[in-house]
Amino acid sequence: MDLIVRKNGTIPFTRGDPRFFTGNVIIEQVHDSEEPSRVAASIVTFEPGARTNWHYHPLR
């Protein structure tokens, strides 16, 4: 496995879905799953006052 180095601010991001978050939330996906794995990883940044709502993460 090769190490991938990314410059700050170069990872595409999305805004948090209002069904799962209140306030402004930024989600940067740093790893997506490839078969047969079902593992993904994201960096989630909460701006002041933002919160997470109760939710779950189903297997892909």
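Just so you know, all these numbers are worked out from the coordinates, no wet-lab data involved. Remember, predicted model here, so these are calculated numbers, not experimental data.
Quick notes
- Radius of gyration, Dmax [the chain; alpha carbons; angstrom]: 13.5, 39
- Amide H contacts of Phe21 (H built 1.01 Å from N, under 5 Å, at least 5 apart or other chain): Asn53
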